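To start, the structure under review is shown below, and the notes come after it.
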Amino acid sequence: MELHQLRYVLAVGKTGNFSRAAEACHVSQPSLSQQIQKLEQEMGERLFTRLKREAVPTAAGRALLTRAARILGEVDAAMRDVEQASGEVRGVVTLGVLPTIAPYLLPKVLAACRKLHPKIDVIVHENTTSQLLAMTGSCEVELSVLSLPIRDERFQHEHLFWEELLLAVPPRHPLAQRKRGVKLEDVEVERFILLQEGHCLGDQVLRFCDRERCRPSVVFRTAQLETIQSLVASGLGVSLIPQMACGQNRKGQPVYLSLGEPQPKRAIGMLWRKEYSPTRAVAALMEVIRESVAE
């Protein structure tokens with residue numbers, strides 16, 4: 001069994017297709033297929049059921065995929081640790097971040113990381129919570145910054161901070177001039193604009209409304225917070241926006257209001273696989289993130 005064979009197996013498991021896996025591994029499709037067949041012969045088990053346009057892992061294949069992710073994660077970590085055993089912290093870190101966090105937190109974090117650790121390169125993957133969990137679980141991403149809680153026994157997490165969700169209303173809305181005493185019931189009859197399904201922030205807003213026995217009328221859904229804010233500013237509805245995303249002194253922006261108790265909030269934290277041992281580079285980035293949010 002060779003390490004490159006395990007990488008090929010993981011690639012097929014992730015893409016579900018031999019051709020796409022070969023492209024991701026930068027090898028020819030016949031070469032990748034030949035190596036996986038060789039591994040199957042060595043193990044005496046079929047790892048994939050070959051369909052016309054899809055490769056589906058068998059029971060043996062699923063078992064190997066789980067082990068292969070752990071083995072390759074440890075091998076890569078060992079190689080990085082050896083390289084970093086002396087001198088300046090260096091290496092490549094794969095970081096997963098929610099799209100509702102990345103544009104507002106990463107500029108500060110990455111600038112600080114570049115200043116303190118110029119030999120660390122950070123590869124960022126922006127994606128939804130479900131996709132980040134899948135990528136972190138398969139060791140494609142070493143560390144993720146997302147919204148907690150995550151109830152999955154595979155992962156360990158660290159809480160970073162709580163963030164208030166502010167009510168965004170059009171500039172000419174009757175509530176725009178009221179600075180205090182705004183309640184969710186004041187906008188219950190309004191049209192709501194939320195992130196589309198699959199984005200945890202949209203689900204969080206709906207859960208908060210449900211706890212407050214509010215049934216919002218959702219008229220628009222989009223994948224971008226900036227789009228939501230532009231639509232609100234145009235008078236097309238209202239929304240709940242994370243505080244870090246609320247523009248300051250930006251032309252044509254909504255008016256942001258703090259709701260009374262109980263305030264809608266979301267918890268932000270870092271997450272990684274339980275059995276994963278962070279490299280020096282990952283540990284250094286984690287400390288930069290802690291210091292950046294503490295400020």
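Read-outs throughout are calculated quantities, based only on the coordinates presented, and are distinct from any laboratory measurement. This is a predicted model, so every value here is computed, not measured. Note that each Cβ is placed from the backbone with ideal geometry, even for glycine, and that neighbours are counted across all protein chains shown.
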For the chain, what does the helix formula give at 222 nm: sum of -39500 (n - 2.57) over DSSP H segments with n ≥ 4, over the residue count, nearest 500 deg cm²/dmol?
-13000 deg cm²/dmol
Here are labelled values, [x] -0.41, -0.98, -1.42; [y] -0.46, -0.97, -1.27; [z] -0.51, -1.15, -1.38, and one is the computed log10 I(q)/I(0) by the Debye sum over Cα atoms at q = 0.08, 0.13, 0.17 Å⁻¹ for what I pasted. Which one?
[y]
Using a 7 Å offset from Cα along Cα-Cβ at VAL92, what residues in the stretch 5-25 end up with backbone N under 13 Å from the label point?
25
Just the isolated ones, please: cysteines in the chain lacking another cysteine beta carbon under 4.7 angstrom.
CYS25, CYS113, CYS139, CYS200, CYS246
Estimated vicinal HN-Hα couplings, Hz - the stretch 115-126 in sequence order (Karplus 6.51, -1.76, 1.60; Gly, Pro = x):
5, 7, 9, x, 8, 9, 9, 10, 9, 9, 10, 8
Assuming R0 = 30 Å, what is the FRET efficiency of ALA223 and GLN253, from their Cβ-Cβ distance, to the nearest 0.05?
0.95
Calculate one ³J(HN,Hα) per residue across the stretch 57-68 by plugging θ = phi - 60° into the Karplus curve 6.51 cos²θ - 1.76 cosθ + 1.60, and present them in order as whole Hz with x for glycine and proline.
x, 7, 4, 5, x, 5, 5, 5, 4, 4, 5, 4
Sorted by chain and then number, the residues having a modelled amide H within less than 5 Å of the amide H of HIS117, at least 5 places away or on another chain, are none
Could you list which residues have their amide H under 5 Å from that of PHE155, counting only those 5 or more apart in sequence or on another chain, with H placed in the peptide plane?
LYS274
Can you give the net charge of the other residues whose Cβ lies under 10 Å from the Cβ of ALA134, counting K and R as +1 and D and E as -1?
0
For the chain, with a Gaussian network of springs between Cα atoms less than 10 Å apart, report the residue from GLN196, GLN41, GLN224 with the top mean-square fluctuation.
GLN41
Rounded to the nearest Å, the spacing of the alpha-carbon centers of the stretch 137-197 and the stretch 220-283 is 6 Å
How about the stretch 53-162: which chymotrypsin sites (Phe, Trp or Tyr not before Pro) there lie in a loop by DSSP and see at most 14 other Cβ atoms within 10 Å?
none
In Hz, Karplus ³J(HN,Hα) per residue of the stretch 283-295 (6.51, -1.76, 1.60; θ = phi - 60°; x = Gly, Pro):
4, 5, 5, 4, 5, 4, 4, 4, 5, 5, 6, 5, 6
Counting DSSP beta bridges with both partners in the chain, what percentage is antiparallel, nearest 5?
60 percent
